[in-house]
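The values are calculated or read from the model by the stated rules, or taken from the named source; none is laboratory data. If you're wondering where the values come from, they're calculated on a predicted model, not measured in any experiment. Every residue, glycine as well, gets a Cβ built from its backbone with ideal geometry; the counts of neighbours run over all protein chains shown. For the accessible areas, the whole protein counts, side chains as well, though only heavy atoms, and no ligand, DNA or RNA atoms are used. Shrake-Rupley method; radii C 1.70, N 1.55, O 1.52, S 1.80 Å.
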Amino acid sequence: IRTVLQHALHPSEKAYAHCDIPCGIYDPATAPLAAESVEKMMTLLADLGSPGDDIAAYSNSASRYTAIKELNAEAVKHEVRIIWGDFMKPPDLETAPNLHDVVWDIMRLGSACRQGTSVDDAKALRHKVDEFAEIFAKVKATR
């Protein structure tokens, strides 16, 4: 019993949470903005063309666009995971039976956007994030 009590009082693993105090404030507003940024950066990458004579300028732009798209793709995944895991509850599936599929699609598309440069993937991500925001609004209206 002593080791159980010691472990409870001095855990060896750190826990991480959305918030140290359960605030109950959730809003997916940042996810659509991040998804829009991913699409914009991927469009800029697609329009960048070839390096030409100014390899330094090309590399600078390509690396900046890539960094921003990856940062924002991960932000989309993070924000959606927080709402899905902390806000959504099993009874919400009655209101949104496709909730898990939409979240799964967002996670997959977010990863595809981080790994690649397909503008179609970025557009699909935006569409799914918008769908998730609509689901959130419907669920929130039932509470």
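Per-structure values
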item	result
Given (1) in contact (Cβ under 8 Å) with a residue 12 or more places away in the chain; (2) closer than 18 Å to Leu44 by Cβ, index of the condition Lys138 fails	(2)
Lone qualifier among Leu48, Leu71 - being out of contact with any His (no Cβ under 9 Å at 6 or more places or on another chain) and open to solvent by less than 50 Å² (accessible area, probe 1.4 Å)	Leu48
Yes/no for Asp86 being more than 14 Å from Ala35 (Cα to Cα), outside any helix (DSSP H, G or I) and not aliphatic (A, V, I, L, M)	no
Answer from Asp121, Asp54 - the residue that is at pLDDT 95 or above, more than 11 Å from the chain's Cα centre (by Cα) and more than 12 Å from Ala31 (Cα to Cα)	Asp121
Residue ID - most open to solvent (accessible area, probe 1.4 Å), chosen from residues in the stretch 89-130 that are assigned to a helix (DSSP H, G or I) and of a type in the set (Ser, Thr, Tyr)	Thr95
Residue pairs meeting the criteria (Cβ under 6 Å; at least 6 apart or on separate chains; first closer than 13 Å to Thr117 by Cβ and assigned to a helix (DSSP H, G or I), in the stretch 40-57; second of a type outside the set (Val, Ile, Thr) and open to solvent by less than 70 Å² (accessible area, probe 1.4 Å))	Met41/Tyr65; Met41/Lys69; Met42/Lys69; Met42/Ala122; Leu44/Tyr65; Leu45/Tyr65
Evaluation of Tyr16 against (1) among the aromatic types (Phe, Trp, Tyr); (2) out of contact with any Pro (no Cβ under 8 Å at 6 or more places or on another chain); (3) modelled with pLDDT of 95 or more (one fails), failing number	(3)
All positions within the stretch 86-134 that are in contact (Cβ under 8 Å) with a residue 24 or more places away in the chain and either touching a Ser or Thr at 6+ places or on another chain (Cβ under 7 Å) or farther than 26 Å from Met42 by Cα (or both)	Asp86, Phe87, Met88, Asp92, Thr95, Ala96, Asn98, Leu99, Val119
